[in-house]
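The values are calculated or read from the model by the stated rules, or taken from the named source; none is laboratory data. Computed from a prediction, not measured in an experiment: that's the story for all the values here. For neighbour counting, all protein chains shown are included, and Cβ atoms are generated from backbone atoms with ideal geometry for every residue, glycine included. Quick note on the areas: whole protein, heavy atoms, side chains included, nothing else; ligands and nucleic acids left out. Shrake-Rupley method; radii C 1.70, N 1.55, O 1.52, S 1.80 Å.
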Amino acid sequence: MAEKAEEEEHNVLVELGSYKGKLRVVNSSNDSEDSAAEEIMLLWGIQQPLLSKNNAFVAQSSLQLCIDACGRSLAILQSPSSLGTPGVTGSVMWDSGVILGKFLEHSVELGTISLQEKKVIELGSGCGLVGCIAALLGARVILTDLPDRLRLLRKNVETNLYGELKGSATVNELTWGYNLDPDLRDPSPDYVLGSDVIYSEEAVMDLLETLVDLCGRETTIILAGELRNDAILEYFLEAATKEFIVGRVDQNQWHPDYCSLRVVIYILVKR
């Protein structure tokens, strides 16, 4: 109970960007290092992620992940053999991607998010589940990833987005930290999505550079990630809170059937 009270004391409930739910502000103090360290202590102390089930919603040895979303049965192709290639993680689904996709669906149902006709860019799309769900919810989605990941991504988009759609989806190459394609930045996206994009210190600054360049004042960023390495997440939060206001979404706002203590969802908007 004392830990719960401490969490309430150090986190202010607010709305951020286009998300109409209440969020716990991470950078409530003026010191980004203190805010980041405090957030990490709360997450690992209260959620104790490493004690909960890993890969609760995915089967990474399978060639296909089947999931119902937006009134459809989606079949997401995976490439388990590619996991053996150093640095390649987007060839299979992770819990954070499933949770983020179902969070979007649940949030649209609740009215806390509206994606109809919104420009949405997904970073590090991997197998493409999140972007496909966003398109089914009415968004104009651009799914992006590194050049060698696009073949599987395009196949999943073509396989799952057929017939009449509320939205649309295209696939673009994007390497974080490099000059952006004008189509991505102009006009600024309404939403930027990412799951499991905070995975190494080397990638953090490139990711943040892309987020700063890509996002306008009206852009809402939604990132979901698995809690594996506290040092990398703290490093990201320290840097991110200098450029963005960061809020954490409590799990009572997630899809009730898709929650995990190993996953966290953050929403960011530019300062």
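Once you have a ≥ b ≥ c as the square roots of the Cα gyration tensor eigenvalues for region 113-231, tell me rounded if a/c is under 1.5, and otherwise prolate or oblate according to whether a/b is larger than b/c.
Judged from the Cα gyration tensor, region 113-231 comes out prolate (a/c at least 1.5, a/b above b/c).
Using helices alone, what [θ] at 222 nm do you get for the chain, with -39,500 (n - 2.57) per DSSP H run of 4 or more residues, divided over all residues and rounded to the nearest 500?
-9500 deg cm²/dmol
Over 18 Å between Cα atoms, which of K20/K118; K118/K242; K242/K270; K22/K166 qualify?
Too far apart for the 18 Å limit: K118/K242; K22/K166.
Quick one: which of 133-141, 179-187, 153-161, 232-240 comes out on top by average Cβ neighbours within 10 Å, and what's the full order, highest first?
Those peptides, ordered most packed to least, come out 133-141, 232-240, 153-161, 179-187.
Accessible area per residue, 1.4 Å probe, Å², for region 200-250: what's the number?
37 Å²
Here are labelled values, (i) 48, 42, 33; (ii) 51, 40, 38; (iii) 44, 43, 38, and one is the computed Cα extents along the principal axes in Å for what I pasted. Which one?
(ii)
Just want to confirm a number: the relative contact order over the chain, from Cα pairs under 8 angstrom separated by 6+ residues, in percent.
23 percent
Counting only protein heavy atoms and a 1.4 Å probe, tell me what percentage of the chain's accessible area is made up of carbon and sulfur.
With neighbouring chains kept in place, the figure for the chain is 48 percent.
Please give the per residue accessible area of region 66-172, computed with a probe of 1.4 Å over protein heavy atoms only, in Å².
That works out to 39 Å² per residue.
For region 19-139, calculate the relative contact order in percent as a whole number, restricting contacts to Cα pairs under 8 Å that are 6 or more residues apart.
The value is 22 percent.
Which ³J(HN,Hα) values in Hz, rounded to whole numbers, follow from the phi angles of region 92-99 under the Karplus curve 6.51 cos²θ - 1.76 cosθ + 1.60, where θ = phi - 60° and Gly and Pro get x?
For region 92-99, the Karplus-derived couplings read 9, 8, 10, 3, 5, x, 5, 5 Hz, x marking Gly and Pro.
Tell me whether region 18-167 comes out rounded, prolate or oblate; compute the Cα gyration tensor, take square roots of the eigenvalues as a ≥ b ≥ c, and use a/c under 1.5 as the rounded threshold.
Judged from the Cα gyration tensor, region 18-167 comes out oblate (a/c at least 1.5, b/c at or above a/b).
Among 38-44, 94-100, how do they line up from the highest to the lowest mean number of other beta-carbon atoms within 10 Å?
With the highest mean Cβ count within 10 Å placed first, the list reads 94-100, 38-44.
How do the peptides 191-198, 171-178, 65-72 rank, highest first, by the average count of neighbouring beta carbon atoms within 10 Å per residue?
Descending packing order for the listed peptides: 191-198, 171-178, 65-72.
As an exercise, identify the trypsin sites (Lys or Arg not before Pro) in region 191-261 lying in DSSP coil whose Cβ has no more than 14 other Cβ atoms within 10 Å.
R217, R228
Cα axis of helix 230-243 to longest principal axis of the chain: angle in degrees, 0 to 90, nearest 10?
Orientation of helix 230-243: about 90 degrees from the principal axis.
Subtracting the Cα-Cα distance from 0.36 nm times the residue separation, let me have the gained length for V212 to S61 in nm, one decimal.
Result: 50.8 nm gained on full extension.
What relative contact order, as a whole-number percentage, does region 177-236 give when Cα pairs under 8 Å and 6 or more residues apart are counted?
Once normalised by length, the contact order is 48 percent.
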